[in-house]
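These notes concern the structure reproduced below.
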Amino acid sequence: MSAMPPACDVPAYRDLAGRRLALVETMLHDAFYDGIHTARGLGLEVWLLIRDREWYGTASAWNDHPLSRVDRLVVIDTHDPAAVAEVVTDDAGTPLVDGISTFSDYHTEVAATVARRLGLPGPGPAPFEMANHKHRLRDALRGCPYTVDHVLVTDPAQVPEAAARLGFPIVAKPPSEAISYGVRRADDLPALVAAVADLSQFRHSLRGQPRPGHVLLESYVDGPEVSVESITIDGVTHLYGITAKTVGAAPTFLEQSHVFPAPLDPAVRAEVGQVVSEVLARIGYHQGPAHTELKLTAGGPKLIEVNPRLPAGNITRMVRHTCGRDPHLDSKLLAVGGRPSPPPGEPRGAAAVAVVYPPAGPGVLAGIDGLDTARALPGVQVTVLAESGDEVWHRVDNSGRVALVQAHADDPASALALAQRAAAQLTVRVAAHTSTGQVPT
């Protein structure tokens, strides 16, 4: 179990004690596992419902996997609301839990559907359906100054007309995916035709839900990218702050670094916050955490997407370090009927994360050198996301990262410089597959 960070106000979470939360799946990696066990350390009973143990690690990894230590682990079809409801109710249909939630994009609709059916806290499934299926979000915001033009391609024959309407560059993406999976930029018609042909083959989500193979096309907008970390309580959206992001070169948009809080002019910060509050209100998201991505263009903030869940990439750890509040605990408290305090006004200090990817090319992870050197730098933490032998052939979405290097400093620029300095100490070694499937040493 992770220790509660000294900056967090433990008494603020006393209402977690004695309550029970069912989580329908979770996102991967330490920040989410730590969030579960920190809440358990404060008295929250956590049931975890999963569909496939292998999604979270190999059979041998489960011997000491953090998720094996939840209060109750149930393997069921987490795509099926009826199966989820059966687990969390007694024979009379009475809820056995105080709340049901998830931080997996692919299961927010299921969790919200069951919560609504059982009268448990939550905004209902409608805002999740709208946010998760990005074409529906664009349709709902059509005409708003902060959205962009879009076309949902259901037949490849639509591509030339869509291109003429939107103009290049164009962003092509699966309309119902996460972690930037499949997102790419096309600068001309042949590239767009190829992108649509490729993306139309996606007939299942990364978690196995069926998809029709449609492709969402959006006008490309240029400008710095930010994400807004927020929690909405009783219809009022409160900001933890804004994260500055850097992404790699086209055609994909791999995240390279995060800085919190973003060094923005106060007027820009206020405008971004107002846009996010309005967007969440328009889709009916009156309760829960959100990670909303925008670009800051010459024409004002432009919405990229709404993620009605906690962010990944160690962003919650940056927030916790600088704000003195834990988004994981706030979200769980809200899900079981508690009322978390709004985040404080201004973050204290700054944090940054540098993202480490493997060299391009197919293979398996042979090792990461320089970890001790990087971790020895004051104010630096390194989270390794992959194990020796893991496939690291792909760099087409954010799941390709193998480590996150987090640094803390007095100001954003210093925090980013320190994170990048520490990341530069790391060398990722990738080996080719062997006939035995073993990683060469």
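Numbers at a glance
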{"read-out": "Selection within the range 107-166 - part of a helix (DSSP H, G or I), under 25 Å from the mean Cα position of the chain (by Cα) and under 21 Å from Lys295 (Cα atoms)", "value": "Met130, Ala131, Asn132, Lys134, His135, Arg136, Leu137, Arg138, Asp139, Ala140"}
{"read-out": "Test set (1) of a type outside the set (Ser, Thr, Tyr); (2) in contact with a helix residue (DSSP H, G or I) (Cβ under 8 Å, 6 or more places away or on another chain); (3) over 25 Å from Ala351 (Cβ atoms) - Pro289 fails condition number", "value": "(3)"}
{"read-out": "Some residue of the range 197-214 being touching a strand residue (DSSP E or B) at 6+ places or on another chain (Cβ under 8 Å), crowded, with 21+ Cβ neighbours inside 10 Å and in the same structural domain as Leu166 (by TED's automatic domain parsing)", "value": "yes"}
{"read-out": "Pair list, Cβ under 9 Å, 6 or more apart: the range 155-168 residue touching a residue at least 12 places away in the same chain (Cβ under 8 Å) and under 17 Å from Ser200 (Cα atoms), other residue among the hydroxyl-bearing types (Ser, Thr, Tyr) and in a loop (DSSP other than H, G, I, E, B)", "value": "Pro156/Ser200"}
{"read-out": "Considering residues of the range 37-46 that are of a type outside the set (Val, Ile, Thr) and under 21 Å from the mean Cα position of the chain (by Cα) only, the residue surrounded by the fewest Cβ atoms within 10 Å (Cβ to Cβ)", "value": "His37"}
{"read-out": "Residue within the range 227-237 that is surrounded by fewer than 16 Cβ atoms within 10 Å (Cβ to Cβ), among the small types (Gly, Ala, Ser), in a loop (DSSP other than H, G, I, E, B) and without any contact (Cβ under 8 Å) to a residue 40 or more places away in the chain present", "value": "no"}
{"read-out": "Wholly enclosed strands (runs of 3 or more DSSP E) of the range 244-349 bearing at least 1 residues touching a residue at least 60 places away in the same chain (Cβ under 8 Å) and basic (Lys, Arg)", "value": "288-297, 300-307"}
{"read-out": "Output for the range 360-389, where each listed residue is in a helix (DSSP H, G or I) and in contact with a helix residue (DSSP H, G or I) (Cβ under 6 Å, 6 or more places away or on another chain)", "value": "Ala374"}
{"read-out": "Filter result for Ala131 (closer than 17 Å to Ser205 by Cβ, touching a helix residue (DSSP H, G or I) at 6+ places or on another chain (Cβ under 7 Å) and not polar (S, T, N, Q))", "value": "yes"}
{"read-out": "Hits in the range 74-98 - residues which are of a type in the set (A, V, I, L, M) and either touching a Cys at 6+ places or on another chain (Cβ under 8 Å) or assigned to a loop (DSSP other than H, G, I, E, B) (or both)", "value": "Ile76, Val88, Ala92, Leu96, Val97"}
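The values are calculated or read from the model by the stated rules, or taken from the named source; none is laboratory data. Note that the structure is a prediction, hence the values are computed from the model and not measured. Here the Cβ is made from the backbone with ideal geometry for all residues, glycine too, and neighbour counts use every protein chain on show.
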